[in-house]
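Structure first, then comments.
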There are 2 protein chains.
Amino acid sequence: MVIAKKFVINKYFEGEPKRSDLSLVEEEIPELEDGEFLIEAEYLSVDPYMWPYVYHVPLGSTMIGSQIGKIIQTKNSKFRVGEYIFANVGWRTHTVVNEDDGGVFEQTPYIMPDIEDLPRSLGLGTLGLTGNAAYFGLVEICFPNSGETLVVSGAGGAVGSHAGQVGKMLGMTVIGITGSDAKCKWIKEELGFDHAINYKTQDVAAVLKEIAPNKIDCYFDNVGGEISTIVLSQMNLLGRVALCGCISSYDGDPKILPKGTNIQPLILSAQLKVEGFLAMRWMNRWAEGFDQNLEWIRQNKIKYHETVTEGFENMFDAFIGMLQGNSMGKAVVKV
Amino acid sequence: MVIAKKFVINKYFEGEPKRSDLSLVEEEIPELEDGEFLIEAEYLSVDPYMWPYVYHVPLGSTMIGSQIGKIIQTKNSKFRVGEYIFANVGWRTHTVVNEDDGGVFEQTPYIMPDIEDLPRSLGLGTLGLTGNAAYFGLVEICFPNSGETLVVSGAGGAVGSHAGQVGKMLGMTVIGITGSDAKCKWIKEELGFDHAINYKTQDVAAVLKEIAPNKIDCYFDNVGGEISTIVLSQMNLLGRVALCGCISSYDGDPKILPKGTNIQPLILSAQLKVEGFLAMRWMNRWAEGFDQNLEWIRQNKIKYHETVTEGFENMFDAFIGMLQGNSMGKAVVKV
């Protein structure tokens with residue numbers, strides 16, 4: 001008999017998620033039916049989207065999220081014991097999976113390709129959601145050109161650090177905005193960003209004016225809010241904004257949005273294009289992103305960093321730490 | 001000797017434009033030099049863009065704007081006496097024009113095609129800036145499809161009333177938001193909009209929910225601000241927003257933008273594309289827009305309304321009346 005641990009949503013987040021909003025409970029795993037297989041989580045992802053998207057499932061549901069798990073039992077010939085799969089089954093140690101289970105984004109399980117010496121956790125980040133968000137978002141939404149200036153907010157995070165490196169490969173001047181000196185140092189010295197700004201200690205508007213005298217052409221936005229207002233106000237005519245996240249505005253009931261500067265006058269005067277996107281939009285090109293990012297890792301053109309928290313019971317700590325900006329690169333939990 | 005009257009910018013607008021911000025002065029017109037020609041204004045345009053764009057010219061300049069004028073003297077063989085031209089020369093009765101004079105949008109003068117029985121003032125509206133903003137903005141930014149739902153704000157204005165009619169021709173369900181019952185009646189009964197909402201007397205969010213149960217696919221936005229927040233929050237996945245104006249946010253120094261709801265969470269969750277544009281972007285296709293709109297007028301598919309103020313000295317009244325929503329359709333001044 002297999003006993004699963006899982007986190008259940010007790011209460012929708014009000015403001016920043018609280019430990020008591022989720023409960024860790026145990027559950028007995030039933031016998032498999034035809035077509036099902038049982039996976040044991042190896043790595044679980046914690047991502048900013050979980051904050052706003054929790055409202056998409058009913059109270060009492062398992063907390064949303066994806067994992068890399070090992071198949072330990074199967075009654076489905078396409079999914080064999082010993083294989084590792086990516087699955088959107090939430091915060092659970094053991095899960096009975098059906099090949100149609102897609103979770104909140106309707107992304108069904110797939111077998112992780114063999115990536116040899118690389119950690120399988122990359123399937124949750126650089127070779128998964130965040131890598132594809134960075135790759136497709138920059139290329140398909142920002143229409144980047146060599147010689148242009150790209151600003152990335154949340155640049156010390158999984159998506160931002162990746163998007164900036166893609167920008168460098170495309171010949172752009174890349175400026176990253178982060179919330180710590182350590183992240184600034186990492187993106188500049190390790191990842192090759194041209195400039196890094198710590199928004200907590202520097203005057204973002206003044207520094208941008210100085211380091212981007214020809215203004216900004218593309219903005220890969222992970223934060224929204226007033227940092228974005230500053231960036232938008234320094235953009236060139238016909239600038240492009242890929243809106244990947246707005247962590248500054250997830251605070252509270254999504255029906256009661258926070259107030260800030262009206263950005264329409266900025267969008268209008270510079271004739272900007274601001275497009276929100278989820279990486280899932282390119283679900284039918286998922287493998288293309290995976291293969292491209294894997295090739296870039298092998299060529300040492302994309303460097304990654306993972307902040308790994310040990311222990312399934314520490315999921316909440318990993319989640320809140322990531323939201324508070326304490327992690328660098330991709331935050332994952334190793335069971 | 002020709003004496004011109006002109007309005008000069010004394011003071012940048014602070015909040016809503018005040019009469020004292022402009023001065024009406026007289027000026028003696030000098031002898032023409034080679035290449036120049038002298039025009040006498042017949043119709044002048046007043047448009048919302050003049051409010052924010054006044055900051056683009058130095059204090060003491062002639063107030064910005066365009067006009068249809070008759071050539072009364074010439075030293076340029078391409079521009080003959082008796083012809084009518086469109087020119088961006090500001091609020092002036094008589095002007096020495098050089099064929100390179102483009103004004104704040106760098107749109108150089110052109111000879112008005114003969115439109116026979118139609119009023120030449122259309123060259124400032126339906127067959128000019130506002131008609132082309134509506135036509136290109138809807139088609140090129142909103143990517144409209146038959147069967148989709150289009151919301152137009154500022155729907156009783158020159159651009160909005162035109163954009164909604166183009167939407168109808170394309171097979172869309174069209175909802176107009178305006179600020180008076182008279183405009184609601186006009187766009188619904190005369191122009192064929194499916195629905196009209198008076199935002200001053202109706203609950204826009206509740207009415208939209210009722211009349212657009214399948215949500216909104218395209219939004220042609222002339223106003224920005226909280227009306228737009230309501231519309232954005234009821235849009236479908238991958239909705240498109242053509243941001244043509246944000247009259248609600250022109251109030252005051254453009255460097256101190258008004259506050260409102262953060263729209264990034266709305267753009268992100270529905271993966272919207274919000275694009276600001278000026279019709280001038282399609283300067284090289286100007287004649288295409290002119291010809292298309294003229295054909296539609298002839299076919300009675302585009303109906304127009306002009307609010308005509310008589311007398312050059314009443315330019316300011318026409319301008320402020322248009323800004324306050326007192327005009328219907330295109331506001332022009334007949335000298």
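Values in this text are rule-based calculations from the coordinates and carry no lab data. Being a predicted model, the structure only gives us computed values, none of them experimental. Cβ sites come from the backbone with ideal geometry, for glycine too, and all protein chains shown count toward neighbours.
Structure values in brief
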{"quantity": "Among B:37-43, A:305-311, B:239-245, A:327-333, the order from most to least packed when residues are scored by Cβ within 10 Å on average", "calculated": "B:239-245, A:327-333, B:37-43, A:305-311"}
{"quantity": "Copy-to-copy label separations for residue B:111, where each label sits 7 Å from Cα toward Cβ, in nm and ascending", "calculated": "7.4"}
{"quantity": "Inter-copy label distances at residue B:298 (7 Å, Cα→Cβ; nm, one decimal)", "calculated": "6.3"}
{"quantity": "Phi to ³J(HN,Hα) by Karplus 6.51 cos²θ - 1.76 cosθ + 1.60 over the range A:38-45, Hz, x for Gly, Pro", "calculated": "10, 10, 10, 5, 9, 10, 10, 9"}
{"quantity": "Net charge dipole size for chain A [Lys, Arg +1 and Asp, Glu -1 on Cβ; Debye, nearest 20]", "calculated": "920 debye"}
{"quantity": "Residues with amide H under 5 Å from that of residue B:74, placed H, sequence gap 5 or more", "calculated": "B:38"}
{"quantity": "The range B:129-280: relative contact order in percent, alpha carbon pairs under 8 Å with at least 6 residues between", "calculated": "23 percent"}
{"quantity": "Modelled label reach - residue A:181, point 7 Å along Cα→Cβ, the range A:205-245 residues with backbone N closer than 19 Å", "calculated": "A:207"}
{"quantity": "Within the range B:304-335, backbone nitrogen closer than 11 Å to the virtual label 7 Å beyond the Cα of residue B:24 toward Cβ", "calculated": "B:311-318"}
{"quantity": "Label-point separation, residue A:288 to residue B:110 (7 Å along Cα→Cβ), nm", "calculated": "3.8 nm"}
{"quantity": "Whole-angstrom gap from the range A:184-203 to the range B:28-68, using each part's C-alpha centre", "calculated": "47 Å"}
{"quantity": "Straight-distance crosslink candidates among lysines, where the alpha carbon sits under 23 Å from residue B:183 and sequence neighbours closer than 8 are dropped", "calculated": "B:168, B:200, B:209, B:301, B:303, B:330, B:334"}
{"quantity": "Choice from A:107, A:202, A:234 showing the highest fluctuation, given a GNM over chain A with Cα pairs closer than 10 Å", "calculated": "A:202"}
{"quantity": "GNM result for chain B, Cα springs below 10 Å: residue of B:143, B:220, B:316 fluctuating most strongly", "calculated": "B:143"}
{"quantity": "Amide proton proximity set for residue B:302, modelled H, under 5 Å, gap of 5+", "calculated": "B:297"}
{"quantity": "Chain B, relative contact order [Cα under 8 Å, separation at least 6], %", "calculated": "17 percent"}
{"quantity": "Copy-to-copy label separations for residue A:311, where each label sits 7 Å from Cα toward Cβ, in nm and ascending", "calculated": "8.3"}
{"quantity": "Cα-derived Rg over Rh, computed across chain A with Rh taken as Kirkwood radius", "calculated": "0.98"}
{"quantity": "Residue-by-residue Karplus 3J(HN,Hα) for the range B:87-94, coefficients 6.51, -1.76, 1.60, Hz, glycine and proline x", "calculated": "8, 8, 10, x, 7, 9, 7, 9"}
{"quantity": "Cα-centre dipole for the protein assembly as shown with unit charges at Cβ (Lys and Arg positive, Asp and Glu negative), debye to 20", "calculated": "360 debye"}
{"quantity": "Average beta-carbon neighbours from other chains, 10 Å sphere, peptide A:270-280", "calculated": "6"}
{"quantity": "Karplus-derived HN-Hα couplings along the range B:21-33 (A = 6.51, B = -1.76, C = 1.60, θ = phi - 60°), whole Hz, x at Gly and Pro", "calculated": "6, 10, 10, 8, 10, 10, 8, 7, 7, x, 4, 6, 9"}
{"quantity": "Lysines with Cα under 17 Å of residue B:273, excluding same-chain neighbours fewer than 8 positions away", "calculated": "A:273, B:215"}
{"quantity": "For residue B:216, residues with placed amide H under 5 Å, excluding near neighbours", "calculated": "B:235, B:236"}
